[in-house]
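Data first, discussion second: the structure below is written as structure tokens.
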Amino acid sequence: MRVTFVTHNELGLACLNELVELGADIRAVFTRTKNEDISDQTDLSAFCEREDITLHNIRSVNNKEVKKEISSYNPELLFVVGWSQLVDAEVLSIPTVTALGMHPAPLPRGRGRAPIAWSLIKGLDQTALSLFHLVEEADAGDLVGQEPIKITNDDDAAALYNKVVEAGKVLIRDYYPAFESGMVPRTPQDESQATWWPKRKPCHGLINWNDSPREVYDWIRGQSDPYPGAFSYINGRKVTIWSAQPPTNENVLARPGEIVYTDGDMIGVGAWEGIVELSEVQPDGDKRIPAARLVTDYQHEVGDSFEAARARMR
């Protein structure tokens, strides 16, 4: 089975490894040139060198010369995984069997951007990784299959990302016989159930301390590594909040944004009818530190407050 693969992230690399172990003939891999705006970009050069696979660094999969390169490998299957660009009809027509993509949401729900972040921000306890036939419209093609993923109370973006990677391996193993046969399953998505999640940018991470402790916690964990992080301001200085504890101090009166106490390496900060305990923070321009060091090392005190939220996306 001749495969050409387009990816720039860890999920794609994990799927490539599975395909190689299963005996697929990986003709070439196309990846993005280094781009600081891609939070989860992964270097594929070591893998391709080890497996003696040609690696192309590209900016757009829809470029005329790139299309010629993909066509030259005469792929039966074309995988496009974790790629931020829509793929045009000419590219989709290249593989002789089909073009396949993956999306970490239970399609047709959760189409669009930043599905890992949104799943946590929205406080979901279940998601899925969807394997589907690519069409020109984002995330709208017929489903091949889905691997359910449980989201626990302690999961942050990195933990959920790792679960998505493991789910990708399962889907490749489960459907490899279908890939080889050329009879890849198709189940149309129910358009009446479709929902869309918007693109997120680093500036969208501003914390609203007037939200409930649960909402603030979900906001923080949904934007942690490998993403740019949730943030707030104290005395005019930006502070990125990398981790917090699942809330237990709810129904406690505290001024939203106020540093209420320190506890070991943590600080308790007021939210709407409760407190959020912050674990790791990063003052702008400095390294990451235990949250309590904001008080011990940065001349802030219990009673100081993070600034009220500005307008932001939720």
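The values are calculated or read from the model by the stated rules, or taken from the named source; none is laboratory data. Keep in mind that this is a model prediction, so the values were computed, not measured. Here the Cβ is made from the backbone with ideal geometry for all residues, glycine too, and neighbour counts use every protein chain on show.
Worth a mention:
- Hey, Leu124 surrounded by fewer than 21 Cβ atoms within 10 Å (Cβ to Cβ), hydrophobic (A, V, I, L, M, F, W, C), free of Cβ contacts under 8 Å to residues at least 40 places away in the same chain and more than 20 Å from Leu19 (Cβ to Cβ) or not: yes
- Here Pro283 passes the criteria (1) without any contact (Cβ under 8 Å) to a residue 40 or more places away in the chain; (2) within 18 Å of Asp304 (Cα to Cα) except the one numbered (1).
- When residues of region 52-107 are limited to those that are touching a Cys at 6+ places or on another chain (Cβ under 9 Å) and within 20 Å of Glu137 (Cα to Cα), the one surrounded by the most Cβ atoms within 10 Å (Cβ to Cβ): Phe79
- Residue satisfying all of: in region 151-182; among the hydroxyl-bearing types (Ser, Thr, Tyr) and over 17 Å from the mean Cα position of the chain (by Cα); nearest to Gln126 (Cα to Cα) among these: Tyr175
- Residue match in region 180-198 (condition: surrounded by 13 or more Cβ atoms within 10 Å (Cβ to Cβ), free of Cβ contacts under 8 Å to residues at least 60 places away in the same chain and not hydrophobic (A, V, I, L, M, F, W, C)): no
- Across region 211-245, the qualifying residues are those that are small (Gly, Ala, Ser) and more than 24 Å from Lys163 (Cβ to Cβ), and the one among them that is surrounded by the fewest Cβ atoms within 10 Å (Cβ to Cβ) is Gly236.
- The residue of region 129-141 that is nearest to Lys199 (Cα to Cα), among those that are among the small types (Gly, Ala, Ser) and either surrounded by fewer than 19 Cβ atoms within 10 Å (Cβ to Cβ) or not assigned by TED's automatic domain parsing to the domain that holds Cys15 (or both), is Ala138.
- Exclusive hit being under 22 Å from Leu78 (Cα atoms), assigned to a loop (DSSP other than H, G, I, E, B) and not assigned by TED's automatic domain parsing to the domain that holds Gly229, set Val144, Val164, Val170, Val184: Val184
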